[in-house]
């Protein structure tokens, strides 16, 4: 196993909150999506939707919806990604899961099942998103400290898409990292039955 790659993705990777003033080329964002789209989701449903906020104007639109402690780190990040999900993802299943036309009905009823599937799988895709960003040399700063309702009203006014979490992207300032916080040991949180 390549130790450098494991370090980059997991062992030495950190959540970043301070950013170098270095732009992210749009091609990296396209490459990032190309990696993420190939990762598994339930019935290949791919419910995640992403809005990349790059301009100062677009970031100003989200500023009032951020928790106070998340404002500076978000406004200074080169990119703020809104990781959202399509609440009617199942409309695309005939294209994405063509060998089983009945899957649209299975995953759209009842509505609570569709909502759970969309949220769970967009979260899964969000995890892939962060790992893919790290693999491409970016640093990430995921956040849940924001007003989902306000963000949804601002960026998804028709109500079909719903925000899941935010993820700042950029090149982190290594000089401002905190020491790594404690983690559970295997025996504290895992069982083999």
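The values are calculated or read from the model by the stated rules, or taken from the named source; none is laboratory data. Quick caveat, the model's predicted, so the values are computed rather than measured. Virtual Cβ from ideal backbone geometry, glycine too; neighbours counted across all protein chains shown.
Numbers below:
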quantity: Condition check for residue 9: buried (at least 17 other Cβ atoms within 10 Å of the Cβ), part of a helix (DSSP H, G or I) and in contact (Cβ under 8 Å) with a residue 60 or more places away in the chain; calculated: no
quantity: Lone qualifier among 158, 139 - being without any contact (Cβ under 8 Å) to a residue 12 or more places away in the chain and more than 16 Å from residue 50 (Cβ to Cβ); calculated: 158
quantity: First in region 37-51 and on the phi > 0 side of the Ramachandran plot and at pLDDT 95 or above, second anywhere and in a loop (DSSP other than H, G, I, E, B) and surrounded by fewer than 16 Cβ atoms within 10 Å (Cβ to Cβ), Cβ under 7 Å, 6 or more apart; calculated: 46/37
quantity: Number of the condition not met by residue 9 [criteria: (1) modelled with pLDDT under 95; (2) touching a strand residue (DSSP E or B) at 6+ places or on another chain (Cβ under 9 Å); (3) farther than 16 Å from residue 81 by Cβ]; calculated: (2)
quantity: Subset of region 12-43 [in contact with a strand residue (DSSP E or B) (Cβ under 6 Å, 6 or more places away or on another chain) and more than 22 Å from residue 181 (Cβ to Cβ)]; calculated: 24, 29
quantity: Options 121, 164, 148: the member that is in contact with a helix residue (DSSP H, G or I) (Cβ under 7 Å, 6 or more places away or on another chain) and within 24 Å of residue 60 (Cα to Cα); calculated: 164
quantity: Counted residues, region 14-39 - those being outside any helix (DSSP H, G or I), surrounded by fewer than 17 Cβ atoms within 10 Å (Cβ to Cβ) and in contact with a helix residue (DSSP H, G or I) (Cβ under 8 Å, 6 or more places away or on another chain); calculated: 1
